[in-house]
Amino acid sequence: MSSVLNSSAAGTEPAAEGAIVFTNATKQFRVGKNLVTAVDNVSLRIEKGEIFGIIGYSGAGKSTIVRLINGLEPATSGSILVNGQEVVGLSEGQLAKIRPNIGMIFQQFNLLTSRTVERNVEFPLELAGWPKAKRKARVAELLEFVGLSDRAKNYPEQLSGGQKQRVGIARALANDPAILLADESTSALDPETTAEVLRVLKRVNERLGITIVVITHEMDVVRTIADRIAVMEKGRVVETGSTFEIFSNPQTTTTRSFVSTVEHSEPNAEELAHLRRRFDGRLVTVTIRDGSRVGTILSDAGADGVRFEVVYGGISALQERSYGSLTVALTGNDAAIDRLIANLASETDVKELSA
Ligand SMILES: Nc1ncnc2c1ncn2[C@@H]1O[C@H](COP(=O)(O)OP(=O)(O)OP(=O)(O)O)[C@@H](O)[C@H]1O
């Protein structure tokens, strides 16, 4: 039996083939006389060993993506490679051989209420025909990994939401999968418990090298855990990038709208009115990115008679880089302020907030 703690880390090897590669994959459902396109010509590459976030509003096609990966739904067209193997067009029997390699956790945990924690984790091993002694040892190891050894004899109803999801994770890891699909796995949890589950998932990725696909509608979740993110809208992937890129420089309206749920890059109308009452001068919002010389440019403008005061905003660190935005009130001669704004604009994005 391979030890859960010493499992060979597929993700640490050079990734010649991606863990999951969609090429022009489409999934349509027939609803009455209509065809609903749930996944629309998606091309996407998820690397081995990464945590990949897929974010989108309800109905964007996220769950369908998951069901295409594990073959619960057949794609209408296109190609989907899972660890180098084409899953489109496979028979149920062939898919059954691949599925143990893909673990899955769910929003509602999907634990068997009549079984204890240890027997829930044991369940996939029973299905896979493991002998009893090996099953027991494996279950003990998995429960230790998720920090629930002392809960082995409890029933799911005796556990908190976070503990239930950790049982779900232990069960999903039982067959030593290369890929873990987490479909809205923290959406039923409060922020603190969400953080606890995300820490366990991070450990699964780092210690076991398992590729994790996190499906969510919550930007906080992908910000906390994902290496890269795809944004989905109406069945399409509208933007893909590193988590830093997505947060610091979102390209599409949908992505900007998601980012704005967790970042307040500029004051809203009410805040702006409040700032105008408190501060003189012209208000300008400046985007801060790693390495930009915003501070120097603002300070140097002093020589041109422009004074600045930071009145709103903040800077965040993500993936070891900084980004954010600051709104400054600028006072001084209008022409000098125009020169300062031009200088800033040569370095980063600048927006003057209209009066
Ligand atoms: N089995 C099905 N039959 C018909 N239509 C479906 C089926 N599954 C999904 N759809 C449709 O496909 C679209 C995408 O659904 P999907 O569940 O993948 O989105 P989602 O992003 O996961 O949203 P949610 O978070 O609400 O589940 C929706 O319009 C949905 O109604």
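Any read-out appearing in this document is the output of simple, stated calculations on the displayed coordinates, not a laboratory observation. Bear in mind that the values here come from a model prediction, so they are computed numbers and not experimental data. We place every Cβ from the backbone using ideal geometry, glycine too, and count neighbours over all the protein chains shown.
Taking a ≥ b ≥ c as the square roots of the eigenvalues of the Cα gyration tensor of region 268-355, is the shape rounded (a/c under 1.5), prolate (a/b larger than b/c) or oblate? Oblate shape, in that a/c is at least 1.5 and b/c is the bigger or equal ratio. Taking the three principal axes of the alpha carbon atoms in the chain, the coordinate ranges are 82, 51, 41 Å, sorted in descending order.
Only Cα sites of region 152-236 enter the Debye sum here, all with the same form factor; the resulting log10 I(q)/I(0) across q = 0.16, 0.23, 0.25 1/Å is -0.64, -1.22, -1.36, listed in q order. Aspartates and glutamates near K48 by alpha-carbon distance under 17 Å, same-chain residues fewer than 8 away left out - which ones? Cα-Cα hits under 17 Å: E13, E17, E86, D176, E206, D227. Mean separation of Cα pairs under 8 Å and 6 or more residues apart, divided by the residue count, gives the chain a relative contact order of 18 percent. Between region 302-355 and region 162-221, the alpha-carbon centres lie 40 Å apart.
Can you quote the Å³ per residue value for the convex hull of the Cα atoms in region 21-63, rounded to an integer?
Numbers: hull volume 3.2 nm³, N = 43.
Hull volume over Cα atoms, normalised by residue count, gives 74 Å³.
With N counted as the residues of region 25-168, its alpha-carbon radius of gyration over 2.2 N^0.38 Å works out to 1.24.
With +1 assigned to the C-beta of every Lys and Arg and -1 to the C-beta of every Asp and Glu, and no other charges, what is the dipole magnitude of the chain about the Cα centre in debye, to the nearest 20?
Values: 40 positive and 43 negative charges, 278 e Å.
That gives the chain a dipole magnitude of about 1340 debye.
Computed from Cα atoms, the angle from the helix 132-145 axis to the main principal axis of the chain rounds to 10 degrees.
Principal-axis analysis of the Cα atoms of the chain puts helix 269-278 at an angle of about 40° to the longest axis. Mean sequence separation of contacting Cα pairs (under 8 Å, at least six apart), scaled by the length of region 99-161, corresponds to a relative contact order of 46 percent.
Full extension from K153 to Q94: what is 0.36 nm times the residue separation minus their Cα-Cα distance, to one decimal in nm? Before the final figure, lay out the partial values.
Details: separation 59, 0.36 × 59 = 21.24 nm, distance 3.55 nm.
Computed gain between K153 and Q94 is 17.7 nm.
Counted over all Cα-Cα pairs of region 144-295, pairs farther apart than 23 Å make up 52 percent. The long axis of helix 191-208 is offset from the longest Cα principal axis of the chain by roughly 70 degrees. Quick check on region 269-313: take the gyration tensor over C-alpha atoms, sort the square-rooted eigenvalues as a ≥ b ≥ c, and tell me if it's rounded (a/c under 1.5), prolate or oblate. Judged from the Cα gyration tensor, region 269-313 comes out oblate (a/c at least 1.5, b/c at or above a/b).
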